[in-house]
Structure formats: C-alpha cells, structure tokens
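Here's the structure we're looking at; comments come further down.
The values are calculated or read from the model by the stated rules, or taken from the named source; none is laboratory data. Quantities reported herein were computed from a predicted structural model and do not represent experimental measurements. Because the Cβ atoms are built from the backbone with ideal geometry, glycine has one as well, and the counts that use them run over all protein chains shown.
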Amino acid sequence: MDIKPITPHLGAEVLGADLSRPMDAAQFALLHQAFLDWSVLVFRDQSVTQQQHKVFASKFGELHIHPMHKERAIEDPHILTVKTTAHSAYTAGDGWHTDVTCDEYPPMGSMLYVTKTPDGGGGDTLFANMYLAYDLLSDTLKQMISGLVAVHDGALPYVGAYKSAPPTGGYPRNEHPVVVTHPETGRKLLYVNSGFTSRIKGLHPQESRALLDLLFRHINSTPKLTARVQWQPGTLVFWDNRCTQHHAVWDYYPHTRYGERVSIVSAERPSADSVAALH
Ligand code: SIN
C-alpha cells in the first residue's frame, strides 16, 4: 500500500488496498498510522459487501448504532444508509459537523462507502482539520476556551433539521470539553460543531451564542482547514471523527447519490487531557 496526501495537513489516498480481503498485522499497522497522520483516508475502486465493510470497521473497535436506529425496525442497525434523491427533504450531513457528538462515547471514526454518485457530478464531501482550527486561534482565545465544557444535543439535528420522532426518553444529550486532546496522537483540537453543540456551560445564553458563532465562523470561513473528496462509485472514505468535521455538499438536485456508513464507537470519552495520549 502507498499513501498519497491530498493536502499537506489533511487527507490521503491509500493506493493498493483491497478492503474485501483480510489484512495482515503489518498492513493494519501501516493503515492505522496513516489514519493518525492524515485523519481522512480515501480508498478508490473498492467492491465490498456490507459484511466486508463491517469486518474492516470492526478492526478499529466496536460498531456504533446510530441514535436514529434505536427503537426502529432496521434490518442491520450498524449500517447507516446515506441516500439522497429528488424526493429527499434533506441530505444527511449537509452542514459542518462531527458525527453523533451527542453520544457519551461518539464514534471514533466513520467509513462511508459510496456506490452511486450523482449523474452530472457534484456530491463531494468537505473535511476540516480540527487540530489546525485550534492551532490557528490566538493564544488569548485558546486560554479563554480552555477548561470550558459544551452541551451536544441530538435533538438539534435529528428533530430540528431532520424532523424525526425521538426515541423514548429523547435523543442523547452529553457534555464534552471545548478543547479536547486526541487520545492517540496527544494533539489538542477544537471540539465544538454546529451540527450538535447547543451551548457552552457557565456562560450567559448570549455569551454562549456569541462564542459558539465565533468558533463556527472560524471553521466555516477558513478554507485552509479543509480537504475536498470527490467520490466515484466504489470509493470508501474512513475519517477520524475525533479530530475532523465534514460537510456533505448537496449541489446535485434532482439527482441521486447513495452510500452506506459504518461507524466505530470511541473507547474513551472526549477528554481535555487524555490519559492514553500521555503514553
Ligand atoms: C455524513 O456521514 O455526514 C454524510 C457524509 C456524506 O454523505 O458525504
């Protein structure tokens, strides 16, 4: 396998991998290191069954069940269908977000396998580097946000945007630090996202809104944070959900795009000072 970077700081194409086949320890170690180095790995020309997709994802941890799959008759709760047609009211992920940060243990990564791209093009996904988003803040702002804790609320996207009926007890809502240390790389990163983060604790509502808006604007108005992935049928992308955000671009109406996503649960909660990262 060869690793070919997409930008100098985020994203790489992995050449020579066949994800339908078992991987030996050396290949897995190379991929795991590339995942930590580049945060977004792009595999082209894949042909995987749902089972092979899940087997590959399982190498990185326990498979995640999406909150929208709870209490629903879903054939396989580990497979999240990402489908947009001319009749869709929305496209999943059409805004900057990190997957499912409303969970106590959000996914450490997600693998999206796209098999139908829109006729006429479009349907790319933008990724943004949250290490760099943090690094680019002034030292004064870094000090201000260090130690702050934010609320991440599943009702924000799943009820507010997608209009889905919540499960018994409602969608998850959890608190995570605004600045997190990646548990494997030990690097600090900005951990608020406009998809799920509803407020910052300990601030007046208008202060919380103003600070979140400032941080969200920083993310969505700094192009150098990003890498753009153009899909082809058979492209599988594996992103590190602990240190990136992404934005699916719905620029292909009325055409159809189809993919399936498998996510992996983090072994640890997002933390300001990850113990694992110290080793
Ligand atoms: C998502 O997982 O947020 C969807 C990403 C995409 O469809 O490109």
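Key figures
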item: Residue within region 91-99 that is polar (S, T, N, Q), out of contact with any His (no Cβ under 8 Å at 6 or more places or on another chain), more than 23 Å from T185 (Cα to Cα) and surrounded by 14 or more Cβ atoms within 10 Å (Cβ to Cβ) present; result: yes
item: Residue pairs meeting the criteria (Cβ under 9 Å; at least 6 apart or on separate chains; first on the phi > 0 side of the Ramachandran plot, in region 32-44; second hydrophobic (A, V, I, L, M, F, W, C) and not in a helix (DSSP H, G or I)); result: S39/L10; S39/A12; S39/F127; S39/A227; S39/W239; S39/C243
item: Scan of region 139-157 for residues that are surrounded by fewer than 16 Cβ atoms within 10 Å (Cβ to Cβ), out of contact with any helix residue (DSSP H, G or I) (no Cβ under 9 Å at 6 or more places or on another chain) and in a helix (DSSP H, G or I), ordered by number; result: D139, T140, Q143
item: Qualifying residue in region 72-95 (condition: at pLDDT below 95, away from the ligand (no atom under 14 Å from the Cβ) and among the acidic types (D, E)); result: yes
item: Sole residue being surrounded by 19 or more Cβ atoms within 10 Å (Cβ to Cβ) and within 16 Å of the ligand (Cβ to nearest atom), chosen from V178, V262; result: V262
item: Condition check for L19: over 29 Å from A133 (Cβ atoms), in contact (Cβ under 8 Å) with a residue 60 or more places away in the chain and under 22 Å from the mean Cα position of the chain (by Cα); result: yes
item: Region 190-223: number of residues that are within 29 Å of F60 (Cα to Cα) and not aromatic (F, W, Y); result: 7
item: Single residue of P233, P270, P183, P254 found to be in contact with a helix residue (DSSP H, G or I) (Cβ under 6 Å, 6 or more places away or on another chain), within 30 Å of Q50 (Cα to Cα) and assigned to a loop (DSSP other than H, G, I, E, B); result: P183
item: Hits in region 103-121 (condition: among the aromatic types (F, W, Y) and within 14 Å of the ligand (Cβ to nearest atom)); result: Y113
item: Residue under evaluation K224, criteria (1) in a helix (DSSP H, G or I); (2) more than 16 Å from the ligand (Cβ to nearest atom); (3) under 23 Å from L156 (Cβ atoms), criterion not met; result: (3)
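Yes or no, residue by residue, for (1) surrounded by 19 or more Cβ atoms within 10 Å (Cβ to Cβ); (2) over 23 Å from Q143 (Cα atoms); (3) in contact with a Leu (Cβ under 6 Å, 6 or more places away or on another chain); (4) modelled with pLDDT under 95:
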| site | (1), (2), (3), (4) |
| --- | --- |
| V159 | no, yes, no, yes |
| K163 | no, yes, no, yes |
| G169 | no, yes, no, yes |
| R173 | no, yes, no, no |
| S194 | yes, no, no, no |
| H204 | no, no, no, no |
| S208 | yes, no, no, no |
